[in-house]
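Before any comments, here is the structure.
The values are calculated or read from the model by the stated rules, or taken from the named source; none is laboratory data. None of the values given here were measured: they were computed from a predicted structure. Please note: Cβ atoms are built from the backbone with ideal geometry, for glycine as well, and neighbour counts cover all protein chains shown. Ligands, DNA and RNA are stripped out before the accessible areas are found, and what is left, the full protein with its side chains, is counted by its heavy atoms. Shrake-Rupley method; radii C 1.70, N 1.55, O 1.52, S 1.80 Å.
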Amino acid sequence: MKFAKRMSRLGTESAFEVFARAKNLEAQGRKIIHLEIGQPDFKTPMNICAAAFQAMKDGYTEYSPAAGLWEFREVVAEHISQTRGIAIHPDEVVVTPGAKPIVFFTILALIEKGDEVIYPNPGFPIYESVINFVGAKAVPLPLREEVDFRFRVEDLIAAISDRTRLLILNSPQNPTGSFLKKEDLEAIANLANKYDFYVLSDEIYSRILYEGQHESIIGFPGMKERTILLDGHSKTYAMTGWRLGYAIAPKPLVEEIVRLTINSNSCTCSFTQIAGIEALKGSQDFVTQMVAQFKQRRDAIVEGLNTIEGISCLKPAGAFYVFPNVKQLPLSCGELADYLLEEAGVAVLSGTAFGKFGDGYLRLSYANSLENIQEALERIQAAISKLK
């Protein structure tokens, strides 16, 4: 079968490939500890599930408006207004089945062939994939360990050209767990206004932060008009399978995203949006407790990794990933990830799955039980000791 040439430019996510390999090993009787998948290991809170079931009984099983139910858009607008300190109107909100379509639709709507898009590297692989897919030039912005996996302003300035159309941010960040500080965002805002480019700010992990306070670039002078804020319920409320995401964007772009929605998936599930209202309006105790458990796991996995000879690991400020440096070990990070899966039964991801600046690192998700994390650390240490 002959495919369109553009399909050769479309990438994927290694996490799902490694997950499939790990499941095959489990089918052979191996016990595998999964540290590769980026999803909370908690159940969706029952008040959210109950709201969805009641919505089904109330008839929310039909098409919704392509932009989302107005009542959900109102609640999202109120939530973002309160948490980002800037007034948002519901018609500046667009709802999608998961937050990932916001990346796709924003780039499809804004970027022409030959335009340049700056994206974080190492970073969520879908950014680079979609940039390449539309025929634009993907310009990596290095996130450096020596500055806590943030970026250097001079690197951003060097990446900007007269063809720069969009900058993608992710804070807290996948895969490193870093987050951007106020001074970082201020520098970005000044450059965006000076050089006239848009910013896609992926804030899906904004509620999973252990130190510091989340800042959003949308609140900086001149940035509401040029920012697309991406968020959703998958991480915060353990709703990955519910597929509920949204964007805050200038109204003209919202209208274009709605057109893309109509041409692709029509709309987002109605009863899921009603459940999303309950998530935002109901008790937030679940979020507080989940983040507290993630913090405990983060501390344990960082401490454990730093006791293994040849591995060093910074303590991330947010999300649920660590990004240890493995450059002192005798295998490349890709070979090491394969080795740990086969030898130790621990599924992790190579840093290069997140871009060329991830070389020499691994990504481990600590969205797993403390007991499994401790066992994984013991297995990793035993496996690495055999390399010497």
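What the table shows:
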| quantity | calculated |
| --- | --- |
| Residue count, segment 333-388 (criterion: of a type outside the set (Val, Ile, Thr), within 21 Å of Asp299 (Cα to Cα) and either in a loop (DSSP other than H, G, I, E, B) or modelled with pLDDT under 95 (or both)) | 4 |
| From the options Ala55, Ala109, Ala87, Ala20, residue that is touching an Asp or Glu at 6+ places or on another chain (Cβ under 7 Å) and of a type outside the set (S, T, N, Q) | Ala109 |
| Total residues in segment 1-37, condition part of a helix (DSSP H, G or I), open to solvent by 40 Å² or more (accessible area, probe 1.4 Å) and touching a residue at least 60 places away in the same chain (Cβ under 8 Å) | 4 |
| Selected residue (only one of Phe124, Phe151 is of a type outside the set (D, E, K, R), modelled with pLDDT under 95 and crowded, with 18+ Cβ neighbours inside 10 Å) | Phe151 |
| Of all residues making up segment 104-115, the number that are surrounded by 21 or more Cβ atoms within 10 Å (Cβ to Cβ) and of a type outside the set (A, V, I, L, M, F, W, C) | 1 |
| Qualifying residue in segment 114-127 (condition: more than 28 Å from Ser350 (Cα to Cα) and in contact with an Asp or Glu (Cβ under 9 Å, 6 or more places away or on another chain)) | no |
| Hits in segment 46-98 - residues which are of a type in the set (S, T, N, Q), in a loop (DSSP other than H, G, I, E, B) and buried (at least 20 other Cβ atoms within 10 Å of the Cβ) | Ser64 |
| Residue match in segment 200-219 (condition: of a type in the set (Gly, Ala, Ser), crowded, with 20+ Cβ neighbours inside 10 Å and either without any contact (Cβ under 8 Å) to a residue 60 or more places away in the chain or in contact with a Pro (Cβ under 9 Å, 6 or more places away or on another chain) (or both)) | yes |
| Count - residues of segment 27-41 that are under 26 Å from Ala319 (Cβ atoms) and either over 18 Å from the mean Cα position of the chain (by Cα) or not hydrophobic (A, V, I, L, M, F, W, C) (or both) | 8 |
| Selection from segment 232-282 of residues that are part of a helix (DSSP H, G or I) and open to solvent by less than 10 Å² (accessible area, probe 1.4 Å) | Val254, Ile257, Thr261, Ser270, Thr272, Gln273, Ala275, Gly276, Ala279 |
| Residue match in segment 131-152 (condition: within 18 Å of the chain's Cα centre (by Cα), assigned to a helix (DSSP H, G or I) and not aromatic (Phe, Trp, Tyr)) | yes |
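Condition check ((1) touching a Gly at 6+ places or on another chain (Cβ under 7 Å); (2) free of Cβ contacts under 8 Å to residues at least 12 places away in the same chain; (3) closer than 30 Å to Tyr60 by Cβ) across all residues:
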| residue | (1), (2), (3) |
| --- | --- |
| Glu303 | no, yes, no |
| Ile308 | no, no, no |
| Ala347 | no, no, no |
| Gly351 | yes, no, no |
